[in-house]
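Participant: Dropping a structure here in structure tokens format, bear with me for questions.
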Amino acid sequence: MSEEVNVGAQLGKLGKEMPGVMGGFGKFNAEVLKDGALSTKTKELIAVALAVGLTCEYCIRFHVPKAVEAGASRAEILEAAGVSMLMAGGPAATYSAVVLLEILNELGIK
């Protein structure tokens, strides 16, 4: 497993280096993930599924806690990962088995 990285803090540092780009990205992120026709929880579950399917460890580390904050349960997060495995195959399965389970356990999500 990779060294522990605080993705939010690193994005904040990048924001200081690139305030225009990251400020725009932050606004875009907030707009996309706010409640609308889909709830924030549903959108975060989609983000988790995509992060797993794209095998982006940092994206998984960022979006799993956000999904939990939005009210997603362990079962819902794992089900979203299952959809990702269906669509993305083996890489999604290995990232779910290693990274996703580790994060859920670190967060104490039962």
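Participant: Work out the charge dipole of the chain with +1 on the Cβ of Lys and Arg and -1 on the Cβ of Asp and Glu about the Cα centre, then indicate which of ALA93, GLY71, THR55 is farthest towards its positive end.
Facilitator: Value: GLY71.
Participant: Computed from the mean reciprocal separation of all distinct C-alpha pairs, what Kirkwood hydrodynamic radius does segment 47-110 have, in Å? Spell out each step's value before the answer.
Facilitator: On the way: mean 1/r = 0.0908 Å⁻¹.
11.0 Å is the Kirkwood radius here.
Participant: Hey, if you drop one equal point scatterer on each alpha-carbon of segment 1-61 and run the Debye formula without solvent, what base-10 log of I(q)/I(0) do you get at q = 0.18 Å⁻¹?
Facilitator: Scattering profile of segment 1-61, log10 relative to I(0): -0.80.
Participant: Let me ask something else. Modelled label-to-label distance, VAL98 and ALA37, 7 Å Cα→beta-carbon offset: nm?
Facilitator: 3.7 nm
Participant: Do the sum for the chain: with -39,500 (n - 2.57) for every DSSP H run of n ≥ 4, divided by all residues, what is the mean residue ellipticity at 222 nm, to the nearest 500 deg cm²/dmol?
Facilitator: Numbers: 7 runs with 80 residues, N = 110.
Roughly -22500 deg cm²/dmol at 222 nm, from the helical runs in the chain.
Participant: Which residues does the label zone of LYS27 cover in segment 4-21, counting backbone N under 17 Å from a point 7 Å along Cα→Cβ?
Facilitator: Of the residues in segment 4-21, 15-16, 18-21 have backbone N under 17 Å from the label point off LYS27.
Participant: Take the Cβ-Cβ distance between LEU78 and LYS13 as r, set R0 to 41 Å, and report the resulting FRET efficiency rounded to the nearest 0.05. Spell out each step's value before the answer.
Facilitator: Numbers: r = 32 Å, r/R0 = 0.77.
That pair, LEU78 with LYS13, gives E of 0.80.
Participant: Express the relative contact order of the chain as a whole percentage, based on alpha carbon pairs under 8 Å and six or more residues apart in sequence. Before the final figure, lay out the partial values.
Facilitator: Working: 99 pairs, mean separation 27.8, N = 110.
Relative contact order here is 25 percent.
Participant: Lysine pairs, Cα distance under 19 Å, 8 or more residues apart or cross-chain: how many in the chain?
Facilitator: Close lysine pairs under the 19 Å cut-off: 11.
Participant: Continuing with this model, one more query. I'd like the distance separating the alpha-carbon centroids of segment 89-110 and segment 38-78, in whole Å.
Facilitator: Each part reduced to its Cα centre gives a spacing of 11 Å.
Participant: Rg and Dmax of the chain, Cα atoms, in Å?
Facilitator: Radius of gyration, then largest Cα-Cα span, for the chain: 14.1, 40 Å.
No value in this document is a laboratory result; all are computed from the given coordinates. Computed from a predicted model, the values in this text were never measured in an experiment. Cβ: placed from backbone, ideal geometry, glycine included. Neighbour counts: every protein chain shown.
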